[in-house]
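Read the figures in this text as sums done on the coordinates, not as results from a lab. All figures in this text were calculated on a predicted structure; none of them were measured in a lab. Neighbour counts are summed over all protein chains in view; Cβ atoms, including those assigned to glycine, are modelled from backbone coordinates with ideal geometry.
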Amino acid sequence: MSPKWALTAESFDRLLAALHPDRAEAAVRYEALHERLVRVFRWEHAVDPESLADDALTRLARRLDEGESVLSIPAFLNGIARNLLKEEGARRQRLQPLTDVPAPPSESEVEHHHAALETCLATWEPAKRDLLLAYYQGDQSARILNRQKLATDLGLELNALRNRALRLRERLETCIRKQIGRDTPSSNSTTDRKGKP
Amino acid sequence: MNDLFRQYMLTLHDDDERNQLRERLIADQELSDQLKDQEDNWIDSYAAGQLPPEDAALLHEHLAATGQLDRLATAVALASAKSAKRRSAMPFAIGIAAVFLIGLAIPILRTREPERVAVTFALHPGTLRGAAEIPKVTMTPDRPTALQLTYQDTAPTGDCVVAIKTADSVIKDESRKPCGNGFHTHTMTAPLPPGRYTADLSTTGGELLHTYLFDVSK
């Protein structure tokens, strides 16, 4: 592999073609794949999940560009992901549970988030706002029944309802971060609530 | 909470198993959504003070490690927005009646104000605490204090009774409400003065389940 390799329009097209013959459908699949990779890297406690997801897809594009036969893209990406996680292993830490319960967010922090939430939701279409609030209504036991009823009312399968609610929540969280001056999750303070920096 | 999120966060030390699950999460949108949904549920339960202490600590570590602690405050804000929405759905007639009371009850009707979040302390029964030092509970003037009383064995059914006592057995605080799953939460009705206390957790039939010892400091 040449160290000077860089992602070009042609190599990106080759990557899209490997995902689906139809370019529009391939673009949708690319976005979904990128989202799943970001989540996986975040669950693995990577420091910068977004950039690792970009790196993983770029490495896949490079292999395809170099003519490598990829039988299973998820399996291939998983191998790349494993290597990327090893490479940044020194920056990651496997979780060890705390010995006591950390304090919840401070009242002023919640007030800031509440104000930002109100601002964000005020710009939404009522149907989307109502879906989000209804989906996350109630405690654990009540939620199951709430969601089944909501899915029935909206004529959706539960999986489709969950898909919509997850995206709305992600959109809300992104909006709130912007409102309170945090553009990315990794840019905010990770100060331990027990007082440790 | 036993689910895929817990499995992925903590108990999956087998690299082969973790590798297989990671590949499925890359391949399968529905599985990825399912895990994300469970993560959100954990965060909401934490925000509602309903997550067992060990799970709360695990989640906190995960969010801190990935720079997502702000999601806890968002979850609390979302819960209070939901409460406000439910309150706004009261019958129209009651709404009209409320208009006449609004001058007297403005502080009560500030429905958009976020709910106060209790500062929570996890306590273990004396038999589980071993030689560990007596836990310290700090009272915060502007927020309620809650005790998460963890069970030693299986969770009791029905209602649980909590009695907070000083060394001379004067009852300072008592409550009765449904027992929790992994622990029972007791929220203090008023701040306790500094000193040593016990919390007796009993069934409504009078059977003492556990005793928890703690010190209240300023």
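Structural remarks
- Percent of Cα pairs in the stretch A:103-184 per distance bin of 10 Å, from zero to the largest separation: 17, 43, 31, 9, 0.
- Across the stretch A:103-184, C-alpha contacts under 8 Å between residues 6 or more apart give a mean separation that, scaled by the residue count, equals a relative contact order of 37 percent.
- The mean count of C-beta atoms from other chains within 10 Å of the C-beta of residues in A:39-47, rounded to a whole number, is 6.
- When peptides A:132-139, A:5-12, A:29-36 are sorted by average Cβ neighbour count within 10 Å, with the highest value leading, the order is A:132-139, A:29-36, A:5-12.
- Averaging Cα coordinates gives a centre for the stretch B:2-65 and one for the stretch A:52-92; these two points are 23 Å apart.
- Estimated distance in nm for a label pair at B:VAL170 and A:GLU118, the labels positioned 7 Å out from Cα along Cα-to-Cβ: 4.3 nm
- A simple packing score, the average count of other Cβ atoms within 10 Å per residue, orders the peptides A:60-66, B:67-73, A:155-161 as B:67-73, A:60-66, A:155-161, with the highest score first.
- Sequence-distant residues sharing a close amide H with B:ASP173 (under 5 Å, placed H): B:ILE164
- Pairs exceeding a 29 Å alpha-carbon distance, out of B:LYS36/B:LYS177; A:LYS86/B:LYS36; A:LYS128/A:LYS178; A:LYS178/B:LYS177: B:LYS36/B:LYS177; A:LYS178/B:LYS177.
- Other protein chain Cβ atoms within 10 Å, averaged over every residue that makes up B:15-27: 5
- Mean partner shielding of peptide A:110-123, defined as the number of other chain Cβ atoms within 10 Å of each residue Cβ, is 5.
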